[in-house]
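The values are calculated or read from the model by the stated rules, or taken from the named source; none is laboratory data. Just so you know, these numbers come straight off a predicted model, no measurement behind them. All Cβ positions, even for glycine, are placed from backbone atoms using ideal geometry, and neighbour counts span all protein chains on display. Note: areas computed on protein heavy atoms with side chains; ligands, DNA, RNA excluded. Shrake-Rupley method; radii C 1.70, N 1.55, O 1.52, S 1.80 Å.
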Amino acid sequence: MNSTVAPVPPRPPAALEDARSLRAAAPGEAPPEVESFDLGVVGMTCGACAARLERVLGRVPGVVDARVNYATERAAVDYRGGEVGLAELRRAVEDAGFEVREGREGDGEAGEEARATAERRRLGIEAVSAAVGSAVVMALSMPHHVPGLHGVPPLLRVLGQVAVASLVVYGAGARFVRGAAASVRHRAPDMNTLVALGTTAAFVHGLATWVRAGGAAAAEARGLYFDGAAMIVAFLLLGRWLEIRARHGAARSLRGLALLRPERATLLRGGEHVPVPAADLIPGDRVLVRPGERVPADGLVVDGRSAVDEQIVTGESIPVDKGPGDEVTGGTLNASGALTVRVRRAGRDGTLERILALVRTAQEEKAGIQRLADQVSAVFVPVVMGIAALAFAAWAVAGQPERGFFSAVAVLLVACPCALGLATPVAVMVGTGRGARLGLLLRGGESLERAGAITDVVFDKTGTLTLGRPEVVSVHPLGPLPEGEVLALAAAVERSSEHPLAQAVVRAAASRGGIPEAEGFRSVAGGGVAATVGGRAVRVGSPRFLAGAGIGGAEEVTAAADGLAGRGETPVAIAVDGRAVALLGLQDRERPDAARAVAELRGMGLRIHLLSGDSRAAAQAVAARLGIHRVEAEVDPADKADRVRALRGEGRVVAMVGDGVNDAPALAAADLGIALGTGTDAARAAAGITLVQGDLTKVGRAIRLAKATVRTVRQNLAWAFVYNLVAIPVAAGALVPAFGIALDPAMAGAAMALSSLSVVLNSLRLGSAGS
């Protein structure tokens, strides 16, 4: 059977040299080759699981480095070729208590989606089963409050509680028990250990209480708490299902980014057009790219002219004219004419592949909000077990073994990790639910944790602060023709073009009145368009286009165009009957909510930055209108991520707001990525928060909600720790000698339930946060 094994981007040469130096080659022996596996892993439930798996994989002979990402459920392993293979890695994963996901990564999106759906369905069934079972146990424990149960024999009610609670704790909650067994086997207690220990203690307490009270006679006794053990499992399974659902949704978006890579290419070989897989292209190949097709690989245009939509790379909405000698990028869309392209970079060396690699690398560097709880658990669990053992031993030596037994059980019950285990997930669940109602999709606790500490917000320009659609913002007549007539003539010619600038002219003219018909339309690639309108020869295009055509007044047009460019406007010139008559200024307008969003964030004490791949003049113009003083322009995608890392290197906590594929590396490199829901799948995949409607004012809401959620998590954890520090000694009997106060298992169970309830109620206060 096939396992998920896919190549990962090669490590930087320096890193490879470092890795190879770990084992010196014998005399005459070539240095061992370092290769990589990318494994899909099933069964991780927290950050501690990822840490444990990293340690296990790192101990496999021949493994140089292992990096496990809990969020993406993948393990990247660097190893020395010839010393270890997939079989050894699979065995190590399984020995650690996890599974290697079946099916190759390249098998297609349908298989990956089916696997994710099956996992969500399985976890959902477990959560529902646990909830139903918990309700049954609770009903059996309170027969006087449930019609029809009072007449059921007491013994049958207790046996029913035992049976159903057993099915819930060790059936529906079996994943926790298996995880705990694996963590104990590897001497690395985690949240599974805490959950399994707490539920088992509650269950054993119920049995012990029943036996202690005399079996059948105890059927009417209070304090069995089988329902408590069942409810703990039900709630944790529900939280796990919500987490899995959010994570798989994010993974689906990231898979959508890979779909931008064309699967097929038309190779030119010996005068023939040969369809080949795009993955088989090598530098030097010549390929034909027809209108409407995506460029299969990075390359150089050797023949043909066309407008190419490069928005996935640059983030700019206006297609760029391409001709012989111009570079094109793999994944970009050829909008009009046919192009012959000589491949320069293919496969992993391509721009789109490098963007994907940047996103994955940046995501691997992030830590989760539950790491603290997992680290505490590693010490907390053995300490609690030790205290329970000491309590039993102390009372046994004192001649009271029975008191010792119930004191030990009381310690395990009162120290039930529910409050500690629920402190983070309940707050995160309520916080993310509140965010969803506000139009904010938060990927999980990691996003909330980072958002709560933000000091700087970096905005992309095009499509984020602006609408991503050019509009005519100024009309400058250069002759006697009025503005309306000039726009109508230009629109008549441009109506036959699909270029975004042409459509902007058409919209502007249509808003002022009718548009006449044009005849003899022709397009001049790389320059403009021409047609006859009402017997007059009309040309529309760049100032350079008019100058090249020998149009009268072209010098005046060029001078005026420089002024428009200085204001961040794109100039479009119009000539009628051989003479320039007007100059239009087009601009990508700011979003209506952009200025308010920036002002709100500045009012929160945050530093605002503008980062754009557009020209400096255009970026400065937008920044000036929005009140942003920190501006960097003409920045490519890889450099955007570097700029973000540089800010983080200064000790700043950075949020990046963007919408395009070109923003994905920067979104992933930031402490927190915020993507517009109206943007690309790539941006949403790299982001921790998505603004569903693209409303920028919700950036401030998201940060306020995150701060409130993180504050609640800290309150919950503080309460859980303080509670245990006080309750455990009391349960062990520390107050008996001086005050005669003892905490029996029933009271310990009630205290445990109260501690968990307090965490939940405190978290529910988040239901009104972020407004």
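Restrict the check to segment 642-649 and report whether at least one residue is crowded, with 21+ Cβ neighbours inside 10 Å and either in contact with a Cys (Cβ under 6 Å, 6 or more places away or on another chain) or modelled with pLDDT under 85 (or both). Scanning segment 642-649 turns up no residue that is crowded, with 21+ Cβ neighbours inside 10 Å and either in contact with a Cys (Cβ under 6 Å, 6 or more places away or on another chain) or modelled with pLDDT under 85 (or both).
Taking the criterion of being within 28 Å of the chain's Cα centre (by Cα) and not in a loop (DSSP other than H, G, I, E, B), the residues of segment 165-177 that qualify are Arg175, Phe176. Taking the listed residues Arg539, Arg512, the one that is within 30 Å of Val301 (Cα to Cα), open to solvent by 40 Å² or more (accessible area, probe 1.4 Å) and assigned by TED's automatic domain parsing to the domain that holds Arg567 is Arg539, with no other qualifying.
Rundown of residues vs (1) of a type in the set (S, T, N, Q); (2) at pLDDT 85 or above; (3) in contact with a strand residue (DSSP E or B) (Cβ under 8 Å, 6 or more places away or on another chain); (4) surrounded by fewer than 20 Cβ atoms within 10 Å (Cβ to Cβ), yes/no style:
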{"site": "Pro319", "(1), (2), (3), (4)": "no, no, yes, no"}
{"site": "Pro324", "(1), (2), (3), (4)": "no, yes, yes, yes"}
{"site": "Glu327", "(1), (2), (3), (4)": "no, yes, yes, yes"}
{"site": "Gly330", "(1), (2), (3), (4)": "no, yes, yes, no"}
{"site": "Ala338", "(1), (2), (3), (4)": "no, yes, yes, yes"}
{"site": "Val343", "(1), (2), (3), (4)": "no, yes, yes, no"}
{"site": "Gly350", "(1), (2), (3), (4)": "no, no, yes, no"}
{"site": "Glu353", "(1), (2), (3), (4)": "no, no, no, no"}
{"site": "Ala357", "(1), (2), (3), (4)": "no, no, no, yes"}
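Scan segment 604-629 for residues that are under 21 Å from Ala641 (Cα atoms), small (Gly, Ala, Ser) and either modelled with pLDDT of 85 or more or not assigned by TED's automatic domain parsing to the domain that holds Val657 (or both) and the total you get is 1. Pairing residues of segment 342-355 that are more than 22 Å from Leu268 (Cα to Cα) with residues that are buried (at least 22 other Cβ atoms within 10 Å of the Cβ) and at pLDDT 90 or above, at Cβ distances under 7 Å and at least 6 apart in sequence or on separate chains, gives Thr351/Asp298. Here Leu465, Leu442, Leu422 are screened, and the one residue that is open to solvent by 10 Å² or more (accessible area, probe 1.4 Å) and either at pLDDT 80 or above or within 22 Å of Leu606 (Cβ to Cβ) (or both) is Leu442. Here Ile454 clears all of (1) modelled with pLDDT of 75 or more; (2) touching a Pro at 6+ places or on another chain (Cβ under 8 Å) except the condition numbered (2).
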